[in-house]
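Take a look at the structure below.
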Ligand SMILES: Nc1ncnc2c1ncn2[C@@H]1O[C@H](COP(=O)(O)OP(=O)(O)OP(=O)(O)O)[C@@H](O)[C@H]1O
Ligand SMILES: [Mg+2]
């Protein structure tokens, strides 16, 4: 391995004189504490290293030792259900969310291995060689899950010449040996290393016409995200980014959640972990944490590891995707990540671009978001990585560089509005500033859910909200009462869409998530109200008369009051609505006849 001698240090960046060849992006260790770093630039007689730990106390002359491989993380069955730092080194949440300098990867734990290939079988990259299960000695009791062990994507594959018997093995112990066509032997364990900045290869990317359900009505019905899609959540200070991402993490229908806490508050992450341990996964009945991986690089941890953390996160997500799973990754917040990029770039003396960010901010964002996809894996299964990234624009200004560049690479924008948040209207997603470019592709899926009018109702709701924004301005000037009846009706219907449908508290036992079936029922009821009210208006009945009916209040509160699966009460609402509309109509007709 090559060595270099440090000549210059500035925060997380150092320069060193090499005494041997280094590779770009090679992982290195620095100084007596063996701090982990990465070669980020190479000149003729100098290398520049980014160090992922606190460099206080490091002196010129400190030895930089090359590792011969790119900055990598170890991917294996031990990842699920745990918390790691930005370079996938295990952390303990109890220890106050800190990693100590130079801490190396922990001794791998044992997992139960069950072979799924036999001697003489030909295995290619991505083929299944066995299953890995949780260590039976774990205090959580019975094994709650199994994972696939695959031939790593960078192994050419070959004939199985050794296969370990079923049993418990450390995750880095050889359980299978392959002979490739050149006669070379490859040793495979349950875990393997993969460089974080290199996307894991797939057979091909697939189109996506299936939604990643979040349980949040404003998302699933108005701005849906497909499996393998990308969404950005920009929002000013305190507008609800963290709560939204956490709510989606809890209720979305992904098999695995990768939560990257990037420069955000450490106590929020600790709270999330505690909550995930308590919450029950609706599908397995086991703690939600068991299908979650948390990557923490909170505001009190070294800034440079933050830069690597989102690539680490997406590499982990791809690892589970390759097992044929649907993975959702959330990064909170990508702005803090961009700030880390800016800090390192500044120390390198690079020419600053917009708002001080380096010129490559945009391409780095693209590198991250473009790894989201629904794919056919090398092993032939279908898996997806869906990516959600929060953006915290300074003073809520969406024209700043991180928000702006992010918008170029995402398919959905869920823009949080400070006025909605101030009015405690959550989730504060602004219906006119948000979009989903793929919404139309998902209509067929909703048809399959017995919601054949999804596309039509979605468009109707959006139009109402748009008209409302326009009329609100007028109402403020001339007063609501002075407006013509049909405009007052639009405001009334938009109010119903907002309050009954879009508003959804993350803290309400009943309403924190809604299944597609409940979303469809609510959508239909609101659609029927809107249609019925328009008919009544034609017959000369004022919007206020309709709003005064008890059914209007009942519809406004249905999300909060009628739980999942209580279809009888939703049917009763539907009958009440029909009866009310008929009664108002008949009263008008009789009045018309007698008058
Ligand atoms: N969906 C929601 N349901 C109910 N309350 C919410 C919701 N979203 C946000 N809130 C309220 O708003 C507060 C602030 O939300 P949050 O911490 O998510 O904001 P943030 O955008 O992440 O802020 P920061 O910019 O500081 O990271 C929460 O503590 C909560 O009280
Ligand atoms: Mg936050």
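Quick note: the coordinates plus some simple rules give every number you see, no bench work behind them. Remember, predicted model here, so these are calculated numbers, not experimental data. In this analysis, Cβ positions are derived from the backbone assuming ideal geometry, glycine residues included, and neighbour counts consider all displayed protein chains.
For the chain, the longest principal axis of the alpha carbon atoms and the long axis of helix 303-321 meet at an angle near 80°. Here the sum of -39500 (n - 2.57) over DSSP H runs of 4 or more residues, divided by the residues of the chain, equals -10000 deg cm²/dmol at 222 nm, to the nearest 500.
Please arrange 405, 486 by how many other C-beta atoms lie within 10 Å of their C-beta, fewest to most. Can you show the working numbers first?
Details: 405 20, 486 11.
Fewest to most other Cβ atoms nearby, the residues stand as 486, 405.
Taking the longest Cα principal axis of the chain as reference, the axis of helix 516-538 is set at about 30 degrees.
Based on the Cβ-Cβ distance from residue 463 to residue 7, what FRET efficiency comes out when R0 is 45 Å, to the nearest 0.05? Each step should come with its number before you reach the end.
Working: r = 65 Å, r/R0 = 1.44.
Approximately 0.10, to the nearest 0.05.
Across the chain, Cα-Cα pairs more than 41 Å apart make up 33 percent of the total.
In a fully extended conformation the segment linking residue 366 and residue 542 would gain 58.1 nm over its present Cα-Cα distance, using 0.36 nm per residue. Remark on the stretch 454-594: Rg and Dmax equal 15.8, 52 Å (Cα only). Our Cα-only numbers for the stretch 204-439 put the radius of gyration and Dmax at 16.9, 53 Å.
Once you order the gyration tensor axes a ≥ b ≥ c over the Cα atoms, which shape class does the stretch 140-247 get: rounded for a/c under 1.5, otherwise prolate or oblate by comparing a/b with b/c?
Values: a/c = 2.84, a/b = 2.08, b/c = 1.37.
Prolate shape, in that a/c is at least 1.5 and a/b is the bigger ratio.
The smallest convex shape that holds all Cα atoms of the stretch 209-347, its convex hull, gives 119 Å³ per residue.
For 303, 385, the sequence from fewest to most other C-beta atoms within 10 Å is 303, 385.
Using Cα atoms only, what is the angle between the long axis of helix 241-251 and the major principal axis of the chain, expressed in degrees (0 to 90) to the nearest 10? Helix 241-251 sits at roughly 90 degrees to that axis. Going from the residue with the fewest nearby Cβ atoms within 10 Å to the one with the most, 450, 121, 417 rank 450, 121, 417. Distance between the modelled labels on residue 560 and residue 24, one decimal in nanometres: 5.8 nm (7 Å Cα→Cβ projection). Hey, if you drop one equal point scatterer on each alpha-carbon of the stretch 109-190 and run the Debye formula without solvent, what base-10 log of I(q)/I(0) do you get at q = 0.25 Å⁻¹? Evaluating at q = 0.25 Å⁻¹ gives log10 I(q)/I(0) of -1.15.
Assuming 0.36 nm per residue, please report the length gained on full extension of the stretch residue 56 to residue 179 beyond their Cα-Cα distance. Can you show the working numbers first?
Details: separation 123, 0.36 × 123 = 44.28 nm, distance 4.76 nm.
Computed gain between residue 56 and residue 179 is 39.5 nm.
Which whole-number percent is the relative contact order of the chain (Cα, under 8 Å, 6+ apart)? Could you put the intermediate results ahead of the total?
Details: 1240 pairs, mean separation 74.9, N = 595.
Normalised by residue count, the contact order of the chain is 13 percent.
I'd like to know how the stretch 3-70 sits against the 2.2 N^0.38 Å rule of thumb: what's its Cα Rg over that expected value?
Values: Rg = 10.1 Å, N = 68, 2.2 N^0.38 = 10.9 Å.
The reported ratio for this selection is 0.92.
Classify the stretch 270-380 as rounded, prolate or oblate from the Cα gyration tensor: take a ≥ b ≥ c as the square roots of its eigenvalues, call it rounded if a/c is under 1.5, otherwise prolate when a/b beats b/c and oblate if not. Could you put the intermediate results ahead of the total?
Values: a/c = 3.30, a/b = 1.59, b/c = 2.07.
Here the stretch 270-380 falls in the oblate category.
I need the calculated FRET efficiency for the pair residue 578 and residue 398, taking r as the beta carbon distance and R₀ as 56 Å, to the nearest 0.05. Computed FRET efficiency for residue 578 and residue 398 comes out at 0.80.
Quick check: from the Cα gyration tensor, does the stretch 247-327 come out rounded (a/c under 1.5), prolate or oblate?
Values: a/c = 2.96, a/b = 1.30, b/c = 2.28.
It is oblate, given that a/c is not under 1.5 and a/b is not larger than b/c.
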